[in-house]
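This report refers to the structure that appears directly beneath it.
The values are calculated or read from the model by the stated rules, or taken from the named source; none is laboratory data. All values reported here derive from a predicted model rather than from experimental measurement. Heads up, the Cβs are rebuilt from the backbone with ideal geometry, glycines too, and the neighbour counts pull from every protein chain shown. We work out accessible area using only protein heavy atoms, side chains counted, and drop any ligands, DNA or RNA first. Shrake-Rupley method; radii C 1.70, N 1.55, O 1.52, S 1.80 Å.
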Amino acid sequence: MSYKAILVNVEAGVGCVQFNRPEALNALSRQLMTELVAALREFTADSEVRCILITGNDKAFAAGADIKEMMEAGAVDMYLGGFSALWDAVYEVKKPLIAAVSGYAFGGGCELAMICDIIVASETAQFGQPEINIGGIPGAGGTQRLTRAVGKSLAMDMVLSGRRITAQEALATGLVSRVVPVEALLAEAMKLAKEIAVKSPVALQLAKEAILESFESPLSAGVRVERTLSHLTFATDDQKEGMRAFSEKRKPFFKGK
Ligand code: CAA
């Protein structure tokens with residue numbers, strides 16, 4: 001499939017999507033989100049792809065949903081328009097998703113990064129939910145995911161005042177997992193993605209499912225889900241291969257079965 005608003009490639013088990021609307025700071029238009037979801041579906045169907053990387057450019061990961069596109073929309077257009085379903089489709093991806101963020105990650109850009117499983121930030125990354133400045137509030141999970149990531153006080157501060165936080169602040173609060181120099185961002189994020197891509201795909205999927213469950217369930221129920229998923233790994237060839245390789249002092253080769 002050919003795309004206009006994104007660039008797509010696959011390298012060493014990693015499917016990469018780069019937003020390609022530099023003239024609009026990668027604002028997440030309906031077309032861009034539709035293409036992103038299509039690319040993620042292609043990656044899901046491709047057994048060679050074991051980890052997915054989503055990135056923007058040095059100036060912007062994404063400066064939000066496309067304001068110009070939605071400024072005249074009514075509530076019913078928003079409710080029935082299917083735009084939210086595109087965000088849900090990103091959340092439903094089972095393979096690991098890494099966001100590599102430089103520059104602005106505002107509004108929907110911040111929300112999209114937070115839907116990803118890991119955020120790697122460059123030193124120039126800035127995160128914010130500035131919808132309040134344009135008379136709105138976050139609409140793609142920001143009030144929920146930001147609060148879980150950084151806590152109530154900072155989430156309120158950011159959402160109510162429109163305050164942006166730096167990469168270092170994001171690291172200190174746990175919103176991102178690592179911060180690297182801007183020129184090293186893609187290489188570092190790719191390195192991480194490739195490290196993940198050689199693990200057992202089925203174990204990766206089960207681990208992701210178990211961690212996401214922690215946001216949905218009370219502790220004891222989450223632990224029960226984890227135990228079931230952990231026991232399920234013992235039904236896979238990859239678990240047998242992994243443990244045998246350890247005892248035979250060799251590298252495992254995971255086939256995803
Ligand atoms: N939607 C549409 N276009 C956008 C955009 C957005 N979210 N953000 C930037 N652009 C466009 C600008 O309109 C401008 O286009 P023109 O050259 O045609 O005028 C171009 O990108 C460059 O932007 P600036 O000139 O403003 O660049 P800057 O470096 O001076 O400022 C910025 C950068 C601070 C990010 C500023 O562009 C800005 O405040 N953008 C809007 C941020 C925002 O409010 N995001 C939330 C959107 S709502 C949302 O996301 C809802 C949701 O929860 C799903």
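Structure data summary
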| read-out | value |
| --- | --- |
| Close pairs (9 angstrom Cβ cut-off, 6 or more residues apart or separate chains): touching a residue at least 24 places away in the same chain (Cβ under 8 Å) in segment 179-197, part of a helix (DSSP H, G or I) and open to solvent by 20 Å² or more (accessible area, probe 1.4 Å) anywhere | Val179/Gln168; Val179/Leu171; Val180/Ala187; Val180/Glu188; Pro181/Glu188; Ile196/Leu204; Ala197/Leu204 |
| Pairs with Cβ under 9 Å, 6+ apart, first in segment 137-150 and at positive phi, second open to solvent by 50 Å² or more (accessible area, probe 1.4 Å) and more than 6 Å from the ligand (Cβ to nearest atom) | Gly141/Tyr91 |
| Segment 60-74 residues that are part of a strand (DSSP E or B), paired with ones that are open to solvent by 20 Å² or more (accessible area, probe 1.4 Å) and near the ligand (Cβ under 6 Å from one of its atoms) (beta carbon under 6 Å, 6 or more apart) | Ala60/Leu25; Ala60/Tyr104 |
| Residue list for segment 8-48, restricted to those being within 16 Å of the ligand (Cβ to nearest atom) and assigned to a helix (DSSP H, G or I) | Pro22, Glu23, Ala24, Arg30, Gln31, Leu32, Met33, Thr34, Leu36, Val37 |
| Residue ID - nearest to the ligand (Cβ to nearest atom), chosen from residues in segment 123-148 that are surrounded by fewer than 19 Cβ atoms within 10 Å (Cβ to Cβ) and small (Gly, Ala, Ser) | Gly139 |
| Pairs where the first residue, in segment 226-254, is under 14 Å from Val202 (Cα atoms) and the second is open to solvent by 30 Å² or more (accessible area, probe 1.4 Å) and among the basic types (Lys, Arg), C-beta under 6 Å, 6+ apart | Asp237/Lys257 |
| Some residue of segment 156-174 being hydroxyl-bearing (Ser, Thr, Tyr), open to solvent by 20 Å² or more (accessible area, probe 1.4 Å), near the ligand (Cβ under 10 Å from one of its atoms) and in contact with a helix residue (DSSP H, G or I) (Cβ under 9 Å, 6 or more places away or on another chain) | no |
